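Colleague: After the structure tokens below, expect a handful of questions from me.
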Amino acid sequence: MPRFELTVEIARSPAAVFAYLTDVSRLSEWQSSAQSAEVDGEIREGARIRERRTFMGHAVKVELEVTAYDPPRHFDVSSRGGPVSYEVQHTLEPSGGGTRLDVEVSVKLSGMMRLAARGPLKLAEREFRADFRRLKDVLERG
């Protein structure tokens with residue numbers, strides 16, 4: 001199962017980072033492929049998030065389920081449906097007056113998708129890393 005992870009130190013409190021990270025209305029401010037996102041009610045464990053993205057020049061609709069919601073420490077989502085399923089785990093800890101954010105992505109591919117997805121997975125990982133650098137920049141500027 002392909003996976004990638006990163007750690008980013010952000011000079012803001014865990015509560016501030018968690019609030020921004022889980023505000024789906026602001027997703028397009030820091031995730032380059034995000035066009036829009038909406039949640040069915042409030043963000044909580046079990047909530048569904050519907051996103052519209054572009055990836056490799058194509059419009060993509062994604063539905064996610066919030067699988068962990070523990071402010072300001074833990075936020076996880078898991079994709080629902082589609083040819084590729086993935087989980088994203090976010091863990092936030094106080095660190096030197098700011099926040100240490102650990103993010104782990106696990107991707108599940110079936111059959112022929114394992115071979116076909118190598119290139120797109122590298123592109124997705126590069127975008128993922130750039131997005132979290134952008135998250136850090138946005139939060140530290142604001």
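Colleague: Could you do me a favour and compute the accessible area per residue for the chain, 1.4 Å probe, result in Å²?
Modeller: On a per-residue basis, 56 Å².
Colleague: Also: Considering the chain as a Gaussian network with a 10 Å cut-off on Cα pairs, which listed residue, GLY98, GLY57, GLY46, attains the greatest mean-square fluctuation?
Modeller: Fluctuation is largest for GLY57.
Colleague: Would you look at the GNM of the chain, springs on alpha carbons closer than 10 Å, and say which of HIS90, HIS58, HIS74 moves the most?
Modeller: HIS58
Colleague: If you build a Gaussian network model of the chain, linking Cα atoms that sit under 10 Å apart, which residue out of ARG53, ARG126, ARG44 swings the most?
Modeller: Of ARG53, ARG126, ARG44, the most mobile in the Gaussian network model is ARG126.
Colleague: Hey, what number do you get for the chain at 222 nm if only DSSP H runs of n ≥ 4 count, each worth -39500 (n - 2.57), divided across all residues, to the nearest 500?
Modeller: When only DSSP H runs of four or more count, the value is -8500 deg cm²/dmol.
Colleague: For a Förster distance of 30 Å, can you work out the FRET efficiency between the beta-carbons of ARG26 and GLU65, rounded to the nearest 0.05?
Modeller: Once rounded, the FRET efficiency stands at 0.90.
Colleague: Out of the DSSP beta bridges found with both residues in region 12-63, what percent are antiparallel (nearest 5)?
Modeller: 100
Colleague: Let me ask something additional. Over all directions, the average projected area of the alpha-carbon convex hull for the chain comes to how many nm²?
Modeller: 8.0
Colleague: Given a 1.4 Å probe and every protein chain left where it sits, what share in percent of the accessible area of region 42-92 is carbon and sulfur?
Modeller: 50
Colleague: Residue farthest toward the positive end of the dipole of the chain, with Cβ of Lys/Arg at +1 and Asp/Glu at -1: which of ALA15, VAL88, HIS58?
Modeller: HIS58
Colleague: Okay, next question. Which of the peptides 91-97, 62-68 is most tightly packed, and how do the rest follow, going by the mean number of other Cβ atoms within 10 Å of each residue?
Modeller: 62-68, 91-97
The values are calculated or read from the model by the stated rules, or taken from the named source; none is laboratory data. Bear in mind the structure is a predicted one, so any value in this text is a computation, not a measurement. Neighbour counts run over all protein chains shown; Cβ positions are idealised from the backbone, glycine included. Quick note on the areas: whole protein, heavy atoms, side chains included, nothing else; ligands and nucleic acids left out. Shrake-Rupley method; radii C 1.70, N 1.55, O 1.52, S 1.80 Å.
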